[in-house]
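Right, I'll just put the structure down here and ask away after.
The values are calculated or read from the model by the stated rules, or taken from the named source; none is laboratory data. In this text the structure is predicted, and so the values were computed from the model without any measurement. Methodologically, a virtual Cβ is constructed for each residue, glycine included, from the backbone with ideal geometry; neighbour enumeration extends over all protein chains shown.
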Amino acid sequence: MDVKTTFLNGFVKEEIYMDQLEGFTVVGEEQKVCHLKRFIYDLKQASRSWNIHFHEVIRGYDFVKNDFDPWVYKKVSESFIAFLVLYVDGIFLIGNVVKMVGDTKAWLSTQFSMKDLGGAFYILGIKIFRDRSKRMLGMTQNSYLEKVLKRFKMELSKQGFLPMRHGVKLFKNHSPKTDEELKRVLRSRKKYY
């Protein structure tokens, strides 16, 4: 989802003045400045104000901010769980119940002027692919990696391998079960780092 006129949603709490815009200056009053009542794009405070405003609004719909990633929100209600990722003026919303995701989108649209862009295929250079018949959802950064290789003129370089056997299948029961077992594994792996 895309929020229209994002930075105009924040409110100016301090006094901010700017020079008059070219073409709007009154002859003889060029020394006058404009007092901003709303934010405009390119002001450093605009992003912060928008984030504060969005946080206050989204809390009203029982979303909780992630402690480690302040642009990620989570909502849990019985068997429903949803994650909302805010990136500048874009909102990426995922959840395990389609109706609840739709309800969240509808509620967000009552709070902000928004455009629903439908299902996400790319976000921040990450390609998202899904196959609903196989109940599969995945992500890849291949196109981003190709751009990086091209940028540094390394697109013809040879592919390397991780320091592990090829084709290894990992299972939950392979993980250490106790703290002591974990420490032993970490000590044995230390020589590789």
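Of all the residues that make up the stretch 105-149, how many are in a strand (DSSP E or B), of a type in the set (Ser, Thr, Tyr) and more than 21 Å from Leu84 (Cβ to Cβ)? Quick ask: steps written out before the conclusion?
Looking only at the stretch 105-149, we keep the residues that are in a strand (DSSP E or B), and these are 114-115, 122-123, 126-131, 136-140.
In the following step, the residues that additionally are of a type in the set (Ser, Thr, Tyr) were identified as 122, 140.
Remaining after also requiring more than 21 Å from Leu84 (Cβ to Cβ): 140.
Final tally of qualifying residues: 1.
Using the structure shown, decide if Phe39 is modelled with pLDDT under 85, surrounded by 12 or more Cβ atoms within 10 Å (Cβ to Cβ), assigned by TED's automatic domain parsing to the domain that holds Leu93 and under 22 Å from Thr110 (Cα atoms).
Numbers: modelled with pLDDT under 85: yes; surrounded by 12 or more Cβ atoms within 10 Å (Cβ to Cβ): yes; assigned by TED's automatic domain parsing to the domain that holds Leu93: yes; under 22 Å from Thr110 (Cα atoms): yes.
Spelling it out, Phe39 is indeed modelled with pLDDT under 85, surrounded by 12 or more Cβ atoms within 10 Å (Cβ to Cβ), assigned by TED's automatic domain parsing to the domain that holds Leu93 and under 22 Å from Thr110 (Cα atoms).
Can you find a residue in the stretch 161-172 that is farther than 30 Å from Tyr87 by Cβ and assigned to a helix (DSSP H, G or I)?
Step one: list which residues in the stretch 161-172 are farther than 30 Å from Tyr87 by Cβ, which gives 161, 163-172.
Applying the additional criterion that residues be assigned to a helix (DSSP H, G or I) yields 172.
Scanning the stretch 161-172 turns up at least one residue that is farther than 30 Å from Tyr87 by Cβ and assigned to a helix (DSSP H, G or I).
From the set of residues in the stretch 150-159 that are charged (D, E, K, R) and not in a helix (DSSP H, G or I), which is nearest to Lys75 (Cα to Cα)? Can you show your working first?
At the first step, the residues of the stretch 150-159 found to be charged (D, E, K, R) are 150-151, 153, 155, 158.
With the extra rule that they be not in a helix (DSSP H, G or I), the set shrinks to 153, 155, 158.
Working: Lys153: 44, Glu155: 42, Lys158: 44 Å.
Out of the qualifying residues, it is Glu155.
Can you tell me which residues in the stretch 147-177 are exposed (fewer than 10 other Cβ atoms within 10 Å of the Cβ) and either touching a helix residue (DSSP H, G or I) at 6+ places or on another chain (Cβ under 7 Å) or of a type in the set (Ser, Thr, Tyr) (or both)?
Answer for the stretch 147-177, where residues must be exposed (fewer than 10 other Cβ atoms within 10 Å of the Cβ) and either touching a helix residue (DSSP H, G or I) at 6+ places or on another chain (Cβ under 7 Å) or of a type in the set (Ser, Thr, Tyr) (or both): Ser157, Pro163.
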